[in-house]
Amino acid sequence: MTNRTLGVCYYPEHWPQEMWAADAAEMVETGLTWVRIGEFAWSRIEAEPGTLTWDWLDDAVETLGAAGLKVIMGTPTATPPRWMLDKHPDMLAYDAEGRRRGFGSRRHYCFSHEGYREESRRITTLMAERYGANPHVQAWQTDNEYDCHDTAISYSPSARLAFQDWLAQRYQSTDAMNRAWGNVFWSMDYDGFDQVGLPNLTVTEPNPAHILAFRRFSSDQVVLFNKVQCDAIRKHSDAPIVHNFMGRITSFDHYDVSRDLDIASWDSYPLGFLMDRNDAPEDFKSRYLRQGDPDFQAFHHDLYRTCGSLRAGEAPENGRLWVMEQQPGPVNWAPWNPAPLPGMARLWAWEAFAHGAEAVCYFRWRQAPMAQEQMHAGLKRPDNAPAPALSEAAQVAAEIAQMPKAGTIRAQVALIFDFDSAYAWEAQPQGRDFDYFHLVYETYRALRASGLSVDILPADRRDYTGYTLIFAPGLLHLGTSRMAALASSGAQVVLGPRAGTRDTEMTMPTPLGPNILGLDATIAFTESLPPAHPIALENGGSIWKWFEALEGNADVIEATTDGRPAMVAFGALHYLAGWADPEALVRIVRQMAAKAGLDTLDLPEGLRVRDTATHRFWINYGAEPSMFEGRTIGAADVLWEPLA
Ligand code: GAL
């Protein structure tokens, strides 16, 4: 059982010191517990190389702490000061077009630049030495949002050198690499690792195996950068270390980064995310304009709760999850920036708690009157008057006091989300709307629309026992140990589409996929289809975007209206031979849940449920009240009921 708490992101360096004490008092009065500071303050800590100015930060920590707040100290490495570029002129990242990125905003560094990694270790060590034993500093945040502004993948000269080194370690010889990648194709063989470039600016598409290797390498660079900071902090502090991940990011492996963290957090901007997405239909965006997509936040809570379990080797339901930044009002960065419906700043927090969050911190305390984020709301306006979310935060705090403890339970349903599959899909898409995240996310939506609570899991677990239903869509590389773990889980398992159709190096296996234990089915050929050309299913809904023609004698569970198999099974192992549209997906989810002995709900549009150890939470993303089985859940409202 963990405590539910609220917090806020604060930038003392943006405000006169005379305001700090009143701000701190008001935070406490609002019912906030945590305050995150420091993550962009490098130029005020070290105005010139080696000249450190701590007194203002000491005062800020003391003022906030004395008021009763717990400080989350952010390392400032997302914003290296201008002098850093004079010291390390080659530290900047390069985009895929080969353009060097510039100074004047943030995240202007390449993860592969060793000099900058050392600077990052140095400043982190200095901060940890100074505040590691400070009783007010009760958590640390590493950097800020790895990959924000597309910064995890860099095509810089430093990246190229580091990639060559990474390849040499992985393959040991260019012969082995040539064989693994199939470089005989188009005479791409190498005879020295120093010949290998980055997979950009090639005349036409690079070898997908080359892209996949580069994506794995790029992910490892993020892991290493983060680990350097974690190691530096742990030398001087016992406080938990957290990173604030973002939503919908597949450019690095969040599980791998999380293995060095005590807590996984993410930054939840429901309206910004919805407006920013190009995979959501316009009528859907209009319906949820002021509430956000009813499944997007939950998906990330479930993903990051698992991330927060990895370092301690805990069960997924016991993972340590925070929301480090919670949208309070309009943001500044989406194509349109609507204001949330009254109640949403409260709903989003309670939904996070229902998914196991220990803390939800609003971003930011007061709207900044200067610079890039002037148009981004806070809990307070730039003139220090309260903004609408302040009273909602206070309401949540008062409600938490009534129900302070949160207990999660293992979900019955597991959904596998695998970053390596995302890289592989992106390396060789075979269709314009091929998007692994989207496929997994649509499966999640169908599960949630059926009232099921879900744990999102990595693909490398050896043991899936405890789950009764497992979905693993799009797992491109299956392999014998993954297959064995799934087959011995005791759960009903649904794999596909595209499962087991590449080995770990992106080569097609023989026998051809899906290679599911005991299942007599082989993918004879595949086709990708424009969404306007669905293939209707006998039982309703369609397969769209991707269809696999199966041969073999496996039991057919779903067939197309022209009599071809679309889903086959061997015992509890099922294979879906295409991308099911939302209607078919919901139907298949409910049928599989029934087979697994799980009850489902046919929830009205916009209404969601989430079960904790003690309560069922009803969360209404609708702009109108929702009626279900005798209860009414108000617009943008949350209701909780004790579980029988
Ligand atoms: C996040 C970032 C914050 C702030 C916020 C604005 O991505 O971590 O520093 O920029 O967005 O919504």
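The values are calculated or read from the model by the stated rules, or taken from the named source; none is laboratory data. Values in this document were obtained by computation on a predicted structure and should not be read as measured data. Glycine also receives a Cβ, built like all others from the backbone with ideal geometry; neighbour counts cover every protein chain displayed.
Listed values, structure above:
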item	result
Those strands (runs of 3 or more DSSP E) lying entirely in the range 466-559 with at least 3 residues touching a Ser or Thr at 6+ places or on another chain (Cβ under 6 Å)	542-551
Residue among D260, D283, D279, D231 that alone is part of a loop (DSSP other than H, G, I, E, B), more than 16 Å from the ligand (Cβ to nearest atom) and surrounded by fewer than 20 Cβ atoms within 10 Å (Cβ to Cβ)	D279
Inter-residue pairs, beta-carbon under 6 Å, first within 14 Å of the ligand (Cβ to nearest atom) and in the range 314-336, second of a type in the set (S, T, N, Q), 6+ apart	W322/S265; V323/S268; M324/N244; M324/S265; Q326/S268; P330/N337; V331/N337
Search result, residues across the range 141-163 that are touching a residue at least 60 places away in the same chain (Cβ under 8 Å) and within 16 Å of the ligand (Cβ to nearest atom)	Q141, T142, D143, N144, E145, Y146, D147, C148, D150, A152
Within the range 158-185, tally of residues that are assigned to a loop (DSSP other than H, G, I, E, B), over 17 Å from T504 (Cα atoms) and not small (G, A, S)	1
Residues of the range 234-251 satisfying the condition of being away from the ligand (no atom under 16 Å from the Cβ) and either within 11 Å of the chain's Cα centre (by Cα) or of a type in the set (F, W, Y) (or both)	T250
Failed condition for L347, given (1) at pLDDT below 95; (2) out of contact with any His (no Cβ under 8 Å at 6 or more places or on another chain)	(1)
Strands (runs of 3 or more DSSP E) lying entirely in the range 22-138 (those with 2 or more residues that are at pLDDT 95 or above and within 16 Å of the ligand (Cβ to nearest atom))	34-37, 70-74
Residues of the range 230-248 satisfying the condition of being touching a Phe, Trp or Tyr at 6+ places or on another chain (Cβ under 8 Å) and under 21 Å from S219 (Cβ atoms)	I241, V242, H243, N244, F245, M246, G247, R248
Pairs where the first residue, in the range 507-521, is touching a residue at least 40 places away in the same chain (Cβ under 8 Å) and the second is in a loop (DSSP other than H, G, I, E, B) and surrounded by 15 or more Cβ atoms within 10 Å (Cβ to Cβ), C-beta under 6 Å, 6+ apart	P514/A499; P514/G500; L519/A554; D520/A554; A521/A554
Tally of residues being within 16 Å of the ligand (Cβ to nearest atom) and crowded, with 23+ Cβ neighbours inside 10 Å across the range 1-21	5
